[in-house]
Amino acid sequence: MDPGRDWWKRAVFYQIYPRSFMDSDGDGVGDLRGIRSRLPYLARLGVDALWISPFFKSPMKDFGYDVADYRDVDPLFGSLDDCRALVADAHRLGLRVLLDLVANHTSDEHPWFVEARSSRDHPRHGWYLWHPIDRRDAFGRPVPPNNWKSLFELRSAWFENAATDELYLGTFTRHQPELDWRNPAVAEEFADVLRFWFALGVDGFRLDVATAYFKDAELRSNPFSWKPLDLFQRHVYDRNRPEVFGALAGLRKVADEAGERVLVGETHGRDPALAAACHGERGEGLHMAFNFEFLFRPWSARAFRDSARAWYAALPEGAWPNFTLSNHDQLRHARRYRKAGFTDARARVAAAMLLTLRGSPFLYYGEELGMEGSFPRRRELRDPLGIATWPLRAYGRDPERAPMQWDSSPNAGFTEGRPWLPLEPGWRGRNVEAQERDRGSVLNFYKALLALRRSRPELALGDLAFVGEDPDVLAYERRGDGGAAGEGRVLVVLNFASKDRRFELPSDASVLLGTHREAGARNRAGRTELRPCEVLLLEGRD
Ligand code: GLC
């Protein structure tokens, strides 16, 4: 395992959606023993750290993002002992493990909420957000205090609690009541949850909707926005309040006390400035935060260059960037960028970009195979958002949660039972076993990139300088400064076009890794012809 406080700057992270990775007991849902059995694969792949989406006790109304006990594993996924064994095995193989902390809301079945909703006088009542029912409409329905929406139910986010004659807030579903982070007891409790898992050996957390913990104190209505995906609201009052940064700094302290841990925040929205702010002005905030703007770029060298530039510029001094193209909430990038005859070629270009830009890459399980996701039929839908928005296909999150494809045995080797979501149609040809055998596979390309990244410190830690402004060719140099970043230089040249493109090589250089040229081949300075979707990594020289 890469030692030292800054291990996470060199690390490549790999997200596992535990329901879909590997099932060990035949119930059709992935579990911790399943993940454990596949750790050797992940070590072979060459990633450094895993982020596992929630596997805590949960009624699964939002598939684990509704937690009923933060200190225990849901029996569907295994036990605390399974978790201990998983972390120990991962560490033995040199892999770190991050969990997912859902601290904006709990499940409505969490004992805290059961107590809180029982009476206004219960000491736990103040852990959640409430509004007294002061008015009812002509149909007898309580009138909410503002226009905040429940994202997955497409209605008001305020839900009635008869026992206290109040409304509680649930901006995802009614089953995810929101905590009141202005109450210091809530912050203390989550600090303690972190300590619990750090003591068990966990290396860090991804913080679910980390910028949503605080809501406007006056509960003001959100202003209008033209964006349908944001439910036609600018989320300035129900999320992304500046008070949140203090809370994030508090969690950072807990992580620092435990030593060599990392916290990565999920931001709500696509605003690099907001993601940047999570790092804190003086590094007192999170180690990293996701900038989702990158995920919504069209397939264009210029678009990604502009986005990366804006992200670098937004980050405060000393903050460390990160990049991701897919996760459990977004259609997989192989699908977003697919183009007849070029889908896998684009997947290779995307992988090369993700793994060589300056910033920690976050991969999503299956992207190393070029998995694209698949749209289940109506009766196979599981995601509450997908069900609420059927037949629209732009919102539901089932497509990107299809089971991992291990081999060509029944159900792709994922389960001996009936998979909880249907497999992608192409799994018989597109699976780990088949791609490990095929030298030219997407998987082997990821492996080669990951191995190169490990052997060349400048690819992880070096400076980055963009080369040229070509709309189709993304090129940059990664250069070590002689310290931890080494002394080397790597020139990355990525042709996003499905046509040949010219590129001016600044100096003679030999190929480190490429899709169309042999490693070791020498290239002369000057004009070179890039093939469609060519990836070219060169040993830079003056
Ligand atoms: C985050 C998660 C998403 C979940 C939501 C509510 O956005 O990534 O999957 O549904 O928070 O917890």
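Here, each number is a calculation from the coordinates, and none is a lab measurement. Since this is a predicted model, take the numbers as computed values, not measurements. Positions of Cβ are generated from backbone atoms using ideal geometry, with glycine treated the same way; all protein chains shown enter the neighbour counts.
Please rank M288, M60, fewest neighbouring Cβ atoms within 10 Å first, as an exposure proxy.
By the 10 Å Cβ count, ascending: M60, M288.
Kindly state, to the nearest 0.05, the FRET efficiency for D165 paired with N444, given R0 = 56 Å and r defined as their beta-carbon distance.
Plugging the Cβ-Cβ distance into 1/(1 + (r/R0)^6) gives 0.35.
Compute log10 of I(q)/I(0) for the chain with the Debye formula, placing one identical point scatterer on every Cα and leaving out solvent, at q = 0.05, 0.10, 0.11 Å⁻¹, to two decimals.
-0.20, -0.82, -1.00
Please list, by residue number, every one of the chymotrypsin sites (Phe, Trp or Tyr not before Pro) in the range 125-208 that is coil in DSSP and has at most 13 other beta-carbon atoms within 10 Å.
The qualifying sites are F139.
What percent antiparallel are the DSSP beta bridges of the chain, to the nearest 5?
Values: 42 of 65 bridges.
Roughly 65 percent of the beta bridges in the chain run antiparallel, per DSSP.
Hey, rough spin-label estimate for A525 and R428, points 7 angstrom out along Cα→Cβ, what's it come to in nanometres?
Here the answer is 5.5 nm between the modelled labels.
So between F296 and D2, what do we pick up on full extension, going 0.36 nm a residue minus the alpha carbon distance?
Here the segment from F296 to D2 would lengthen by 102.6 nm.
Long-range amide H contacts for S360: which residues qualify at under 5 Å (H placed 1.01 Å from N, peptide plane, sequence gap of 5 or more or a different chain)?
So S360 has HN proximity to N322, F323.
When a/c is below 1.5 the answer is rounded, else prolate if a/b is larger than b/c, else oblate, so apply that to the range 111-169 with a ≥ b ≥ c taken from the square roots of the Cα gyration tensor eigenvalues. Kindly include the intermediate steps, with their values, before the conclusion.
Numbers: a/c = 2.39, a/b = 1.47, b/c = 1.63.
Note, shape of the range 111-169 comes out oblate.
Give me the distance in nm between label points sitting 7 Å out from Cα along the Cα-to-Cβ direction at E317 and L80, one decimal.
Taking the two extended label points, one gets 4.5 nm.
Which of the peptides 507-519, 340-352 is most tightly packed, and how do the rest follow, going by the mean number of other Cβ atoms within 10 Å of each residue? Before the final figure, lay out each step's value.
Values: 507-519: 16.9, 340-352: 19.6.
By packing density, highest mean first, the sequence is 340-352, 507-519.
Going by how many other Cβ atoms sit within 10 Å of their own, how do Y312, Y364 line up, fewest first?
On the way: Y312 17, Y364 22.
Lowest count first: Y312, Y364.
Considering only DSSP states other than H, G, I, E and B, which chymotrypsin sites (Phe, Trp or Tyr not before Pro) in the range 212-311 qualify as loop sites with at most 16 other Cβ atoms within 10 Å?
Answer by residue number: W226, F232.
About the Cα centre of the chain, what is the dipole size in debye to 20, counting +1 per Lys and Arg Cβ and -1 per Asp and Glu Cβ, all else neutral? Walk me through the numbers on the way to the answer.
Numbers: 77 positive and 79 negative charges, 364 e Å.
Dipole of the chain, to the nearest 20 debye: 1760 debye.
In the range 1-74, which trypsin sites (Lys or Arg not before Pro) fall in coil by DSSP and have 13 or fewer other Cβ atoms within 10 Å?
Sites meeting the loop and neighbour criteria: R5.
Pairs of Cα atoms under 8 Å, at least six residues apart: use those to get the relative contact order of the chain, whole percent.
On the way: 1214 pairs, mean separation 65.7, N = 542.
For the chain, the relative contact order is 12 percent.
On a 24 Å Cα-Cα criterion, which of the cross-link pairs K61/K227; K9/K499; K57/K215; K149/K215; K9/K447 come out too long?
K61/K227; K9/K499; K57/K215
Put a dot 7 Å past each Cα toward the Cβ at S510 and F466; how far apart are the dots in nm?
Going from the F466 label point to the S510 one covers 3.2 nm.
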